[in-house]
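A short worksheet on the structure shown next.
The values are calculated or read from the model by the stated rules, or taken from the named source; none is laboratory data. Every value quoted in this text rests on a predicted model; they were computed, and no experiment measured them. Note that we place each Cβ from the backbone using ideal geometry, even for glycine, and neighbour counts take in every protein chain shown.
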DNA sequence: TCACACAATTGAACACTGTTCAATAAATTA
DNA sequence: TAATTTATTGAACAGTGTTCAATTGTGTGA
């Protein structure tokens, strides 16, 4: 039918991402159908490939939206709570995953088939979220050497992430979500306390 | 066609699992093809469904094999090293994942579509691995109340798991695998130290 | 105004997937 | 040997991502 001027390229991409993300959040990666997304916004599967080149490109755009929403969510929580920023961060991680579990896990489960890995603009979104955590850790453990912040941030994110995966899709137990969220926060506090103590010793 | 007595039902199931696991470990869940597995052992796709009823059943059997291999691997490492059992456990977790990354991650990524979750015999395999960890934690923190062991074991496994996921498929950074393995062990030591201190306080 | 060129859009075609099930071949029983 | 049971097959079905020649809408030049 060719409604060529119904939407600009940018509008069309936004339409695909919006509806695609809705689908991904609803049915999850395994049941996700690019064909169905195109049909729902009244375009053909061919147009989707025009805009995103490949399935990889489409899912990267959807995951990028997830990362963007997630970063905004974390920042909003940090801005509204000044009393315990570490708790806001950890609970924010869990809260976002609990609200959009299928979209959230897709960020981790979808691996780009292209050998060169994900593009720079996508890695920047990832770096943004790591940066949020690193910033708070730098505040929580001010005596830590700056070179030690980034590895510790990664390690703390890994810790929280492990708990969050089990809470959402507990292959390993039926432990309640709150137990694991509380456990994650307790672990983070212990780790930061240990880091502060170590940093104290190393400081000269 | 119709080599009905070439293999017993049990032998046939073993054949499917053996070749299926090989495939899973080689190409991963996304590229896995049940048809191809059947073809490779010289049977038809129909026979695979005869034995396992469904795709779910087949993948459950493959993941069960992974869990069994994993538990044996961990026990062997613990048996051969008496000096630092916690380190053996953490490094064992990483080593198995590094040796069979695709089969290992399939345990976490494949979610049974059937409501009601995985069957009891499968959950027993999971409980076995948790039990290995819980046993070592009980030794490492002997003053801990027995009711506190199991939640702590889950939390420690979650911690190690988070680090291991990032090491194998680091969506979040390019941190070397060794960095994350070392970090995981450091976190576990800090957490156990904290648990010992807390247990000491609570003890009466 | 009209024809031409350009580019967006389509959907059939392809090779694949899991799943089902009537037909078939082999073994067991009568 | 004849009848019955049962393991095994593979074509058929509905779905997937992917490609690409054909079509259609738009804008430009004469």
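Among the candidates B:65, B:9, which residue alone is away from chain A (no Cβ under 14 Å), closer than 27 Å to residue B:90 by Cβ and more than 9 Å from DNA strand C (Cβ to nearest atom)?
On the way: B:9 fails: closer than 27 Å to residue B:90 by Cβ.
Exactly one residue qualifies, and that residue is B:65.
So which of B:36, B:56, B:73 ends up being under 28 Å from residue B:166 (Cα atoms), assigned to a helix (DSSP H, G or I) and away from chain A (no Cβ under 14 Å)?
Checking each option against the conditions leaves just B:73.
Yes/no per residue for (1) surrounded by 20 or more Cβ atoms within 10 Å (Cβ to Cβ); (2) at pLDDT 95 or above; (3) in a helix (DSSP H, G or I):
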| site | (1), (2), (3) |
| --- | --- |
| B:150 | no, no, yes |
| B:154 | yes, no, yes |
| B:159 | yes, yes, yes |
| B:174 | no, no, no |
| B:179 | no, no, yes |
| B:193 | no, no, yes |
| B:201 | no, no, yes |
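Does residue B:15 qualify as being more than 13 Å from DNA strand D (Cβ to nearest atom) and away from every other protein chain (no Cβ under 14 Å)?
Values: more than 13 Å from DNA strand D (Cβ to nearest atom): no; away from every other protein chain (no Cβ under 14 Å): yes.
Against the criterion (more than 13 Å from DNA strand D (Cβ to nearest atom) and away from every other protein chain (no Cβ under 14 Å)), residue B:15 does not qualify.
Of all residues in the range B:20-34, which are surrounded by 15 or more Cβ atoms within 10 Å (Cβ to Cβ) and within 13 Å of DNA strand D (Cβ to nearest atom)? Explain how you work it out, then say what you get.
Taking the range B:20-34 first, the residues surrounded by 15 or more Cβ atoms within 10 Å (Cβ to Cβ) are B:20-21, B:23-25, B:28-29, B:32, B:34.
Answer for the range B:20-34, where residues must be surrounded by 15 or more Cβ atoms within 10 Å (Cβ to Cβ) and within 13 Å of DNA strand D (Cβ to nearest atom): just B:34.
Output the residues belonging to the range A:39-53 that are in contact with a helix residue (DSSP H, G or I) (Cβ under 7 Å, 6 or more places away or on another chain), in a loop (DSSP other than H, G, I, E, B) and more than 10 Å from DNA strand D (Cβ to nearest atom).
Step one: filter the range A:39-53 for residues in contact with a helix residue (DSSP H, G or I) (Cβ under 7 Å, 6 or more places away or on another chain), giving A:40-41, A:44-45, A:47-48, A:51-52.
Those still in the list that are in a loop (DSSP other than H, G, I, E, B) too: A:41, A:44.
The one that is in contact with a helix residue (DSSP H, G or I) (Cβ under 7 Å, 6 or more places away or on another chain), in a loop (DSSP other than H, G, I, E, B) and more than 10 Å from DNA strand D (Cβ to nearest atom): A:41.
One line per residue, one yes/no per condition, for (1) under 22 Å from residue B:90 (Cα atoms); (2) out of contact with any helix residue (DSSP H, G or I) (no Cβ under 7 Å at 6 or more places or on another chain); (3) at the interface with another protein chain (Cβ under 8 Å from one of its Cβ atoms):
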residue: A:121; (1), (2), (3): no, yes, no
residue: A:124; (1), (2), (3): no, yes, no
residue: A:134; (1), (2), (3): no, no, no
residue: A:143; (1), (2), (3): no, no, no
residue: A:161; (1), (2), (3): yes, no, yes
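Only one residue in A:37, A:17, A:51 is under 25 Å from the mean Cα position of the chain (by Cα), within 9 Å of DNA strand C (Cβ to nearest atom), at pLDDT 95 or above and surrounded by 15 or more Cβ atoms within 10 Å (Cβ to Cβ). Which one? Break it down into steps so the answer makes sense when it comes.
Numbers: A:37 fails: within 9 Å of DNA strand C (Cβ to nearest atom); A:17 fails: within 9 Å of DNA strand C (Cβ to nearest atom).
Step by step, each of A:37, A:17, A:51 is checked, and only A:51 is under 25 Å from the mean Cα position of the chain (by Cα), within 9 Å of DNA strand C (Cβ to nearest atom), at pLDDT 95 or above and surrounded by 15 or more Cβ atoms within 10 Å (Cβ to Cβ).
Of the residues A:113, A:118, only one is surrounded by fewer than 13 Cβ atoms within 10 Å (Cβ to Cβ) and assigned to a loop (DSSP other than H, G, I, E, B); which? Outline the logic, then answer.
Numbers: A:118 fails: surrounded by fewer than 13 Cβ atoms within 10 Å (Cβ to Cβ).
Exactly one residue qualifies, and that residue is A:113.
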